[in-house]
Amino acid sequence: MDKIIKNPEDRNLQKELSQMSPFEIKGTLIKLAERDAQRSTATFLNAGRGNPNWLLSFPRKAFFLLGQFAMEEADRNKFDYDLGIVASPTEGGMAKRFEEFIDAHSDDVAGKVLRHFYTYVTGELKADPDEFVYELVDGIIGDHYPTPPRILKYTEMITRDYLRWAMGGGDDRTEYDLFATEGSTAGMCYVFDSLKANYLLKPGDKIALLTPCFTPYLEIPELSEFGLEIVEISANKVEKDGYHDWQYPKEEIDKLRDPSVKVVCVTNPSNPPSVCLSPDVLAQFVDVVKNDNPDLMIITDDVYGTFIKDFKSLMYVLPYNTICLYSYSKYFGATGWRVAAMALRPDNVFDARLAKLSAEEKKALDKRYSSLTLKPGKLKFIDRLVADSRLVALNHTAGLSTPQQIQMALFSAFAYLHREELQPKLISMITHRLENLWSPTGFKLLPDPYRAGYYSEIDMMVWATKFYGEEFAEYMRKNYEPLDFVVRLASETAIVLLNGDGFDGPEWSVRVSLANLDDSAYLKIGTAIRHILDDYHARFLESLKGK
């Protein structure tokens, strides 16, 4: 690493570095950028990671006020006053005391949020008041294991409403089974492990990946313990007069018609292009499943869906075939909370495929899950996910921590109840940053109703060709490694971006996060991107003088 920092333009070192995940390369780029900022007037700007620089404060304030009420309930029965040893709260009469508590805080934002929350759950969702408030109090205190382990009762009901809106469910009132997880990253691990443990994915099986995509989806199937054959479905093709539209050509989606493709992983909207599947692509998915591959298992990761108005997830387009992963990290500014939910319809292809396993495989799985139930063969896939997340033997202690689940419930209810006001604000924020990024580059940002804009992927070869011609583009390919662009940005302008090819995007593309910096920073980043491109061109012109 030290050699790379000392000589950032060394092509051999760049080649070695490019074999790593872009998230690991980021550490080297940060060192380069920090060094440049120290020795120049440049400001260090890190647009390499998607951690937002906003957060939703009201549901957090409600969480902390709720915690105050919960401790008042716990203090009702003390074992040792001086040391603060108190008894677990009991349910009786708790709802009336909670109503009095939020009335006493009616002038506080947190009190108003809790009142709205309580009214919605006890009214619209018809929750029993004492039972619901007890779940909140017991959950936020965290003095019991999560029960049920998969997700708390009312947290599930609240989260269903939010996900139905966020994922484009409309009037569909199907009660999806949810599993609360430690972020979608944990959900990804659980899904792959359970597919393997339940013989739904075996070594040598084909798994399709829609690319570009979040790098773990590229890396996990290649691990030796899975041994899967990867079928790449690429949106990298240049469409529309030499521009990317980041949609999937029909011939790419048609690869899913092969019944030997068991699973497809979808990041929707994509990462890094940040574009959702168009209605035409969704229709092609439906045609593939309906006519050629009815048992296809779809894993869709839809964390950025809430940044597109009227977003439609595959969980509602192909509900029988799809398991959805949704993380709260981005929309709510909550990467540190590690809260997410997995959603699976009660009637689904995963359970159907379990029923079709061989007698020998079923016998082995009956033994695996025999400690959980007298009828292990009837155990649903979603419940196997929970058990497998704790190696089965620790199923009784499985589940997301209850304080996290209560914050998730507050997040869900707040975003659902204020959906008409909140979503346009957040979309407007990132759209403005996107415009700031592109405006100083001179590049043409095409209108796109399917663009979320949480990230922007810029293919420098597209713009090298459009501005300076194919001869110049060929000069860049011949004389520089694709990683050189982000290395030069870091070492010469103190700006950190990630290399797009690390996400299986075009080789010379860069990924810019529009979430984690102030608006003005993106004007500087756009200016620096164009400056580096122009400098390559100046070098190209200089090279022609000797010919």
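The values are calculated or read from the model by the stated rules, or taken from the named source; none is laboratory data. For clarity, every value in this text was computed on a predicted model and none was experimentally measured. Cβ placement follows ideal geometry from the backbone for every residue including glycine, while neighbour counts extend to all protein chains displayed. With ligands, DNA and RNA removed, areas are computed over all heavy atoms of the protein, side chains included. Shrake-Rupley method; radii C 1.70, N 1.55, O 1.52, S 1.80 Å.
In the stretch 284-296, which residue that is open to solvent by less than 10 Å² (accessible area, probe 1.4 Å) and in a helix (DSSP H, G or I) is nearest to Pro212 (Cα to Cα)? Before you say what the answer is, go through the steps one by one.
Initial filter on the stretch 284-296 (open to solvent by less than 10 Å² (accessible area, probe 1.4 Å)): 285, 288, 293, 296.
Of the ones still in play, those that are also in a helix (DSSP H, G or I) are 285, 288.
Values: Phe285: 18, Val288: 21 Å.
Filtering first and then ranking leaves Phe285.
Tally the residues that are in a loop (DSSP other than H, G, I, E, B), within 26 Å of Ile427 (Cα to Cα) and open to solvent by less than 50 Å² (accessible area, probe 1.4 Å), restricting the search to the stretch 507-547. Please lay out each step first, then the result.
The initial filter retains those residues of the stretch 507-547 that are in a loop (DSSP other than H, G, I, E, B), namely 507-508, 514-518, 546-547.
Now narrow it down to the ones that are within 26 Å of Ile427 (Cα to Cα): 514-518.
The next check asks that each one be open to solvent by less than 50 Å² (accessible area, probe 1.4 Å); those that pass are 514-517.
Residues in the stretch 507-547 being in a loop (DSSP other than H, G, I, E, B), within 26 Å of Ile427 (Cα to Cα) and open to solvent by less than 50 Å² (accessible area, probe 1.4 Å): 4 in total.
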query = Just one of the numbered conditions (1) over 24 Å from Leu282 (Cα atoms); (2) out of contact with any Leu (no Cβ under 8 Å at 6 or more places or on another chain); (3) not in a helix (DSSP H, G or I) is not true of Ile220; which one?
reply = (3)
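Does Ala494 qualify as being out of contact with any Pro (no Cβ under 9 Å at 6 or more places or on another chain), under 21 Å from Pro440 (Cβ atoms), buried (at least 22 other Cβ atoms within 10 Å of the Cβ) and of a type outside the set (Ser, Thr, Tyr)? Spell out the reasoning first.
Values: out of contact with any Pro (no Cβ under 9 Å at 6 or more places or on another chain): yes; under 21 Å from Pro440 (Cβ atoms): yes; buried (at least 22 other Cβ atoms within 10 Å of the Cβ): yes; of a type outside the set (Ser, Thr, Tyr): yes.
Here the answer is yes, as Ala494 does meet what is asked.
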query = Is there any pair linking a residue in the stretch 302-322 that is on the phi > 0 side of the Ramachandran plot and assigned to a strand (DSSP E or B) to one that is open to solvent by 10 Å² or more (accessible area, probe 1.4 Å) and at pLDDT 95 or above, with Cβ under 7 Å and at least six apart or on different chains, and which?
reply = none
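Output the number of residues of the stretch 468-480 satisfying the condition of being at negative phi and surrounded by fewer than 16 Cβ atoms within 10 Å (Cβ to Cβ). Let's see the steps before the verdict.
Step one: of the stretch 468-480, the residues at negative phi are 468, 470-480.
Next cut, surrounded by fewer than 16 Cβ atoms within 10 Å (Cβ to Cβ) only: 470-471, 474, 477-479.
Result for the stretch 468-480: 6.
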request  = Determine, yes or no, whether Thr119 is open to solvent by 70 Å² or more (accessible area, probe 1.4 Å), polar (S, T, N, Q), part of a helix (DSSP H, G or I) and closer than 27 Å to Phe179 by Cα.
outcome  = yes
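Taking the conditions exactly as written (open to solvent by less than 50 Å² (accessible area, probe 1.4 Å), closer than 19 Å to Asp10 by Cα and of a type in the set (Phe, Trp, Tyr)), does Tyr454 satisfy them or not?
Working: open to solvent by less than 50 Å² (accessible area, probe 1.4 Å): yes; closer than 19 Å to Asp10 by Cα: no; of a type in the set (Phe, Trp, Tyr): yes.
For Tyr454, the condition - open to solvent by less than 50 Å² (accessible area, probe 1.4 Å), closer than 19 Å to Asp10 by Cα and of a type in the set (Phe, Trp, Tyr) - is not met.
Filter the helices (runs of 4 or more DSSP H) completely within the stretch 1-112 down to those with at least 2 residues that are touching a strand residue (DSSP E or B) at 6+ places or on another chain (Cβ under 8 Å) and surrounded by 13 or more Cβ atoms within 10 Å (Cβ to Cβ). Even if it seems obvious, please write down each step before you answer.
Details: elements: 2-6, 11-17, 22-39, 57-74, 94-104.
Because the criterion is at least 2 residues that are touching a strand residue (DSSP E or B) at 6+ places or on another chain (Cβ under 8 Å) and surrounded by 13 or more Cβ atoms within 10 Å (Cβ to Cβ), the helices (runs of 4 or more DSSP H) in the stretch 1-112 that meet it are 22-39.
Matching residues to (1) in a helix (DSSP H, G or I); (2) surrounded by 20 or more Cβ atoms within 10 Å (Cβ to Cβ):
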| residue | (1), (2) |
| --- | --- |
| Leu178 | no, yes |
| Ser184 | yes, yes |
| Lys202 | no, no |
| Cys213 | no, yes |
| Pro216 | yes, no |
| Glu225 | no, no |
| Ile230 | no, no |
| Asp254 | yes, no |
| Leu282 | yes, no |
key: Of all residues making up the stretch 153-168, the number that are assigned to a helix (DSSP H, G or I) and touching a Cys at 6+ places or on another chain (Cβ under 7 Å)   = 0
ask   = What pairs can you find where one residue is in the stretch 240-264 and over 16 Å from Leu209 (Cβ atoms), the other is open to solvent by 50 Å² or more (accessible area, probe 1.4 Å) and assigned to a strand (DSSP E or B), and their Cβ atoms are less than 6 Å apart, with a gap of 6+ or different chains?
value = His244/Val238; Asp245/Glu239
remark   = Restricted to the stretch 189-200 and to residues being open to solvent by 50 Å² or more (accessible area, probe 1.4 Å) and not acidic (Asp, Glu), the residue farthest from Tyr326 (Cα to Cα) is Tyr199
message = For a quick check of your reading of the model, give me the residue pairs whose first member lies in the stretch 374-394 and is without any contact (Cβ under 8 Å) to a residue 40 or more places away in the chain, whose second is surrounded by 13 or more Cβ atoms within 10 Å (Cβ to Cβ) and of a type in the set (Lys, Arg), with beta-carbon atoms closer than 8 Å and at least 6 apart or on different chains.
response = Pro376/Arg368; Gly377/Lys362; Val392/Arg368
message = Tell me yes or no: at least one residue of the stretch 236-243 is at pLDDT 95 or above, over 24 Å from the mean Cα position of the chain (by Cα) and farther than 24 Å from Asp347 by Cα.
response = no
